[in-house]
Amino acid sequence: MSPLEQVLAAAKSIADAGKQPSLALIKTKLGNSIPMPILIQGLQQFKSMSQDAIEQLQALTADVSLSQKNEELSELDTLKLELKRLKEDYQQLNNRLTALESDYRSQK
């Protein structure tokens, strides 16, 4: 999906939520990945579209939502993996500390 299509889909999604699409709302929805000139062009194009053309953006909106969900899942999976590694590291350090304390006690 092209950046312009992403802007149009985001604008439709915002409009479907009952809000007036604006640069700020679109930028918030899409993040900083799309340059400002394309955001402006997409918003102007969206505002000039007929209601029928806006309704045809439904498929694009679904694609954007799906890609956002996949991105969120990927981030969640990454965080889960990082948490698992941290727990393993913690357990190893805890085991090492227990062994060192045991050795220290036996030397006394």
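Below, the figures for the structure above:
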{"item": "In region 28-42, the residues that are closer than 17 Å to Met1 by Cβ, over 13 Å from the mean Cα position of the chain (by Cα) and part of a helix (DSSP H, G or I)", "result": "Ile38, Leu39, Gln41, Gly42"}
{"item": "Scope region 1-18; condition without any contact (Cβ under 8 Å) to a residue 40 or more places away in the chain and polar (S, T, N, Q); matching residues", "result": "Ser2"}
{"item": "Filter result for Ile40 (open to solvent by less than 90 Å² (accessible area, probe 1.4 Å), under 24 Å from Leu8 (Cα atoms) and modelled with pLDDT of 90 or more)", "result": "yes"}
{"item": "Test result for Leu76, within 21 Å of the chain's Cα centre (by Cα), part of a helix (DSSP H, G or I) and at pLDDT below 90", "result": "yes"}
{"item": "Members of region 46-73 that are open to solvent by less than 100 Å² (accessible area, probe 1.4 Å), in a helix (DSSP H, G or I), at pLDDT 80 or above and polar (S, T, N, Q)", "result": "Ser48"}
{"item": "Members of region 3-27 found to be of a type in the set (A, V, I, L, M, F, W, C), under 18 Å from Met49 (Cβ atoms) and in a helix (DSSP H, G or I), listed by number", "result": "Leu4, Val7, Leu8, Ala9, Ala10, Ala11, Ile14, Ala15, Leu23, Leu25, Ile26"}
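The values are calculated or read from the model by the stated rules, or taken from the named source; none is laboratory data. Please read these numbers as outputs of a predicted model, since none were measured by experiment. No Cβ is skipped: glycine too gets one built from the backbone with ideal geometry, and neighbour counts run over all protein chains shown. Calculation scope for accessible area: heavy atoms of the full protein, side chains included, ligands and nucleic acids excluded. Shrake-Rupley method; radii C 1.70, N 1.55, O 1.52, S 1.80 Å.
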